[in-house]
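The values are calculated or read from the model by the stated rules, or taken from the named source; none is laboratory data. Model, not experiment: these values are computed from the prediction. Glycine gets a Cβ as well: all are built from the backbone with ideal geometry, and neighbour counts include every protein chain shown.
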Amino acid sequence: MEPRMNLFAGETGTKIGKRIHAVSQVIHESTLPNAVQELVQLRVSQINGCGFCVDIHAKDAAAAGELPVRLNLVAAWRHSTVFTEAERAALALAEEGTRIAGAFQGVSDDTWAQVVRHYEEDQVIALVSLIAMINATNRLGVILNNQGGSYAPGNLATVAS
């Protein structure tokens, strides 16, 4: 399957891509732990079926030293022992925040309580924004039919420029 179009081929797409990247940089530079950021982006991308983003976040997490067992279990995090309580709270928020459409009930009060128990206010804002941004990016990737498999770790900035 071939991509339907290159988002960055025209002026509008390039501007949008650069702005998405700029917001992502603010989140990346926040105090929200990088491991949490990558795990959340990987899980949301799995839920949304975005192979392009799964490829990016699995490879970048591995390159940053994330353990293979954790990457392999992120899709089944509820049934594993390798994630901290704080990471579990972030993954629960990511899943509930991603599945807000349809019959799902949105973010539960229990999940929100767990998130604010483990993260400072600025980290919560970064986490919520990260979930929103990766969902938007996943939708671009899936709609445009961007394929996973060829990403080289650490090259995300070149993808968005």
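If you go through region 34-73 and keep only what is free of Cβ contacts under 8 Å to residues at least 40 places away in the same chain and surrounded by fewer than 21 Cβ atoms within 10 Å (Cβ to Cβ), you end up with ASN34, GLN46, ALA64, GLY65, GLU66, LEU67, PRO68, VAL69, ARG70, LEU71, ASN72, LEU73. Within region 99-128, the residues that satisfy the criterion of being over 19 Å from VAL36 (Cβ atoms) and of a type in the set (A, V, I, L, M, F, W, C) are ILE100, ALA101, ALA103, PHE104.
Say we look at region 76-90 and pick out the residues that are free of Cβ contacts under 8 Å to residues at least 24 places away in the same chain and not basic (Lys, Arg); which of these is nearest to ILE125 (Cα to Cα)? Break it down stepwise before answering.
Quick first cut of region 76-90, residues free of Cβ contacts under 8 Å to residues at least 24 places away in the same chain only: 76, 78-82, 84.
If we keep only those that are not basic (Lys, Arg) as well, we get 76, 79-82, 84.
Values: ALA76: 25, HIS79: 27, SER80: 27, THR81: 27, VAL82: 25, THR84: 20 Å.
Result: THR84.
Residues in region 56-77 that are touching an Asp or Glu at 6+ places or on another chain (Cβ under 8 Å), assigned to a loop (DSSP other than H, G, I, E, B) and small (Gly, Ala, Ser): ALA64 only. Each residue in region 111-161 was checked for being modelled with pLDDT of 95 or more and over 17 Å from ILE20 (Cα atoms), and 14 of them qualify.
Tallying residues that are under 24 Å from ARG99 (Cα atoms) and in a loop (DSSP other than H, G, I, E, B) within region 8-50 yields 4.
Within region 91-115, count every residue that is without any contact (Cβ under 8 Å) to a residue 24 or more places away in the chain and either in a helix (DSSP H, G or I) or within 13 Å of the chain's Cα centre (by Cα) (or both).
First, pick out the residues of region 91-115 that are without any contact (Cβ under 8 Å) to a residue 24 or more places away in the chain: 92, 96, 100-113.
From what's left, either in a helix (DSSP H, G or I) or within 13 Å of the chain's Cα centre (by Cα) (or both): 92, 96, 109-113.
Qualifying residue count, region 91-115: 7.
Name the residue that is farthest from ASN138 (Cα to Cα), counting only residues in region 78-90 that are small (Gly, Ala, Ser) and not in a loop (DSSP other than H, G, I, E, B). Among those that are small (Gly, Ala, Ser) and not in a loop (DSSP other than H, G, I, E, B), it is ALA86.
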